[in-house]
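Readers should treat all values here as calculations from the given coordinates under stated rules, not as data from a laboratory. Since the structure is predicted, the reported quantities are computational estimates derived from the model, not experimental observations. Cβ sites come from the backbone with ideal geometry, for glycine too, and all protein chains shown count toward neighbours.
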Amino acid sequence: MAKTIVGTFESAAEAERVASALEDSGIERRHIQVIDSATASGREQQWRGEPESSGGFWSWLFGDVESESGRGFADEESQYYTEGLTRGETLVVVTTADGNAERVRQLMERRGAQDVQAHAAGEARGAQPPSATREGATGAEEVLPVVDEQVRVGKRTVQRGGVRVYTHVTERPVEEHLRLREERIRVERRPVDRPLTGTPAGAFEEQSIEMTESAEEPVVQKQARVVEEVVVGKDVSEREETIRDTTRHTEVEVERAGAGAASGFAALEPEFRQHCTRTSSATGLTYEQCAPAYRYGYELAGDARHGGEWASVEGEARRQWEQRNPGTWSQSRDAIRYAWDRTRGGRARAA
C-alpha cells in the first residue's frame with residue numbers, strides 16, 4: 001500500500017528546498033509535487049476536463065486517495081488545503097511506499113513544515129482506504145510543537161584551480177670555431193748537376209714513390225643532457241575557520257488567566273527568562289545568574305522616588321547596585337533596564 005504525505009509550507013522557496021532534500025534522500029522527483037495556488041488552479045482545470053475522474057479535486061490530485069464525495073475524505077480537509085493555498089502557502093505532496101512514509105514525514109517536519117498529514121493512496125482508482133485524520137487534534141487536546149533548529153557543520157572538497165605543466169621543443173643556432181689541418185702533396189723538379197757517387201743499387205731501375213694526402217674535417221655529435229628538473233607537487237596546509245550562524249527555537253510562553261493568574265514579579269518572570277535567553281550569547285549568563293538584576297529593576301520601577309526617565313534614575317540605581325554587587329553593573333545593566341522598562345510599562349497600562 002502506498003501513502004501520500006502532504007506538507008504545508010509558508011513559501012514556495014521553502015517547499016522547493018524540501019523537494020530537493022527529499023530527492024537527495026532517495027525519493028524520485030516524479031513522486032514529488034510542489035503545489036502553489038497557480039499550480040493548483042491549472043491542475044483543477046485539468047481535473048474538470050477528465051469526466052471519468054472519481055471523487056473530488058483533492059482526491060484526484062493526491063492520486064485518488066480518499067474521495068471528498070462519499071469515500072471518507074472529510075470536507076474540512078479539502079477546505080483546509082484550499083484555504084492554505086489562498087493564504088499563499090505551498091504544498092509538497094509525496095507519494096511513497098508505506099515503509100518510507102514516516103521518514104518523509106520526519107524530514108518535512110525538520111525542514112519547517114507547518115503541518116504534515118498522511119493519506120492512504122489506493123493502488124488504483126476507486127480504492128477505498130480509511131479516512132485521513134489531522135495530526136495533533138484529538139478532541140480534548142491541542143498539540144503545540146516546540147521546534148529547535150540544529151546546525152550541522154561539515155566539510156566538502158571543492159576545486160579551486162590548478163597548474164598545468166607541459167613541454168615543447170625549440171631550436172636555437174649554435175656556432176663553434178675550430179682549426180682544421182689539411183695536407184697537400186707538392187711535387188717539384190729541381191735542376192741539379194753533381195756527379196753520381198758510387199753506383200747505387202737500382203740507379204737505372206724503374207722506381208715509384210707514393211704519398212697520401214690527409215685532411216681534417218669537422219665532426220658534429222649531439223648528446224642530450226638533463227640540465228634542469230621541473231617537479232610538480234602539492235603542499236597541504238590546514239587552517240581553522242569559525243562558522244557563525246543563527247538557529248531558531250520555539251519559545252513557549254504560558255500566561256494564566258482568571259483567578260489563578262500570577263501577579264507581581266512572578267507575572268513578568270517568563271518575559272525576563274526569555275529576555276535572558278535572547279541575550280545569553282552576548283552576556284554568557286544563565287537566568288539564575290541574571291534573576292537578581294531583573295528583580296532589582298522590578299523593585300526600582302515600583303519605588304515612587306524613581307518616577308522619572310531612565311536617564312535621571314540610572315546614576316542612583318548604579319550606586320545602589322554597586323554597593324551590593326561591586327563591579328557587576330556593566331554586565332547587569334541591560335537586565336535591570338529591561339525589568340525597569342517592562343514593569344513601568346505594565347503599571348502605566350494598568351493605571
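Values as computed for the structure displayed
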| item | result |
| --- | --- |
| Distance-filtered residues of region 217-249 - backbone nitrogen under 17 Å, label point 7 angstrom along GLU182 Cα→Cβ | 217-219 |
| Computed E for ALA13/VAL174 - FRET, C-beta separation, R0 51 angstrom, nearest 0.05 | 0.15 |
| Gyration tensor (alpha-carbon) shape descriptor, region 261-350, a/c threshold 1.5 | oblate |
| For region 145-150, Karplus couplings with θ = phi - 60° (6.51, -1.76, 1.60), whole Hz, Gly/Pro x | x, 9, 10, 10, 7, 10 |
| Cβ-based exposure ranking for PHE265, PHE9, PHE204, PHE272, in which fewest neighbours within 10 Å come first | PHE204, PHE265, PHE272, PHE9 |
| Computed lengthening from ALA266 to ARG248, 0.36 nm per intervening residue step minus Cα-Cα distance | 3.9 nm |
| Efficiency of FRET from Cβ geometry, ASP98 and VAL153, R₀ 41 Å, rounded to 0.05 | 0.75 |
| Sorted by Cβ density within 10 Å, fewest first, the residues THR343, THR283 | THR283, THR343 |
